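The values are calculated or read from the model by the stated rules, or taken from the named source; none is laboratory data. Values in this document were obtained by computation on a predicted structure and should not be read as measured data. Virtual Cβ from ideal backbone geometry, glycine too; neighbours counted across all protein chains shown.
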Amino acid sequence: MSYTKQYFTAVFLLAGFQMGTAQVELDEQVPYQGDTLLINPNQARETADGDVLMDCDWPTMMSMIRDLEDRIAGETETDTVYGVYVSGAVVGTSLRMWYDCLVLRDSIEALQVIYDEALAPRVTVDAAVILSDISAALSASFSGSGISASGFKWSSDADMSSSNDGNATGGTSPIVDTLTTLDPGKTYYFTAFATKDNEDLYGDTLSLLTRPGITTDAADELAADAATLNGTFSADSITAQGFVWGEQLDLSDGASVSADTTGGSTAIEYVLTGLTGGTAGYFSAFATN
């Protein structure tokens, strides 16, 4: 089969169209809103032979499509995906290809909605880094344009009903903050937000658990071969507690021993026996959650 001709033209189709709600609410950064070719893609055109055709300015509409495809790829940081918008059919020995005016118009408007969604802020919250019994480092990032402010909210309530505001971090991603007034061994909840057009968009709510507070108290009940080690912890709950002790100051020779709380309190003690009189010993209390 041989193909003798190839046509690139636009087909004139009459169809009613009513702009949808999604188009009405597009971000102002989305281009081509209200363009004449979108409102009425079918236009009169005179050919070089003097023929008057009713079709659309498909080169301009295809340029709009490619521009939107590139913008979407840039905003989402992905490779550009170029769609195929030409139709074709074999008629006899001819391959005829054409652009459909309304298909191009609908494709542009669909890409406008996709680009609008790409412009919307998306907040990703990272797991907290626990720094101590009272502090934690928070980090998050956002994508999207037009962010005027961002930051964190945190609370001791899972429903964030009485949340605290972290430091405002402006409109630059990533966003970071350090909480330094937490309670030892306590669970907190936090989320990040980005503000666009006076509207806050939030990421997921995550939890963090601070380290238990632990204090090593002086040893007492000293004897020639025994001593009682003492400590105090603060935390909602712990899974282990005790002491590390040895004869080296840095506890490089340390041995770990478990200790029970005394009378249900947060105080712990452990009686060491078999010690050598006149020999210095060192110890540190620990608690685990």
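Scan region 68-101 for residues that are assigned to a helix (DSSP H, G or I) and either more than 16 Å from Glu28 (Cα to Cα) or among the β-branched types (Val, Ile, Thr) (or both) and jot them down. Step through it out loud before you land on a result.
First pass over region 68-101, keeping only residues assigned to a helix (DSSP H, G or I): 68-76, 101.
Glu69, Asp70, Ile72, Ala73, Gly74, Thr76, Cys101 - these are the residues of region 68-101 that are assigned to a helix (DSSP H, G or I) and either more than 16 Å from Glu28 (Cα to Cα) or among the β-branched types (Val, Ile, Thr) (or both).
So which of Tyr270, Tyr189 is touching a strand residue (DSSP E or B) at 6+ places or on another chain (Cβ under 6 Å) and either under 30 Å from Thr124 (Cβ atoms) or in the same structural domain as Ser139 (by TED's automatic domain parsing) (or both)?
Details: Tyr270 fails: either under 30 Å from Thr124 (Cβ atoms) or in the same structural domain as Ser139 (by TED's automatic domain parsing) (or both).
Exactly one residue qualifies, and that residue is Tyr189.
How do the strands (runs of 3 or more DSSP E) wholly within region 184-274 filter down when requiring 2 or more residues that are under 25 Å from the mean Cα position of the chain (by Cα), of a type in the set (Gly, Ala, Ser) and surrounded by 11 or more Cβ atoms within 10 Å (Cβ to Cβ): which remain? Let's see the steps before the verdict.
Working: elements: 187-196, 199-202, 206-209, 213-220, 226-234, 240-246, 255-258, 267-273.
By residue number, 187-196.
Of the residues Leu104, Leu38, Leu26, only one is in contact with a helix residue (DSSP H, G or I) (Cβ under 9 Å, 6 or more places away or on another chain), surrounded by 13 or more Cβ atoms within 10 Å (Cβ to Cβ) and not in a helix (DSSP H, G or I); which? If you could, list the steps in order and put the result at the bottom.
Working: Leu104 fails: not in a helix (DSSP H, G or I); Leu38 fails: not in a helix (DSSP H, G or I).
Being in contact with a helix residue (DSSP H, G or I) (Cβ under 9 Å, 6 or more places away or on another chain), surrounded by 13 or more Cβ atoms within 10 Å (Cβ to Cβ) and not in a helix (DSSP H, G or I) holds for just one of Leu104, Leu38, Leu26, which is Leu26.
Given (1) farther than 23 Å from Ser143 by Cα; (2) out of contact with any Phe, Trp or Tyr (no Cβ under 8 Å at 6 or more places or on another chain); (3) surrounded by 10 or more Cβ atoms within 10 Å (Cβ to Cβ); (4) at pLDDT below 90, where does Thr60 come up short, assuming only one miss?
Status for Thr60: all satisfied but (4).
Looking at Pro121 and the list (1) surrounded by 15 or more Cβ atoms within 10 Å (Cβ to Cβ); (2) at pLDDT 95 or above; (3) under 30 Å from Ala168 (Cα atoms), which single condition is not satisfied?
Only one criterion in (1) surrounded by 15 or more Cβ atoms within 10 Å (Cβ to Cβ); (2) at pLDDT 95 or above; (3) under 30 Å from Ala168 (Cα atoms) is unmet by Pro121, namely (2).
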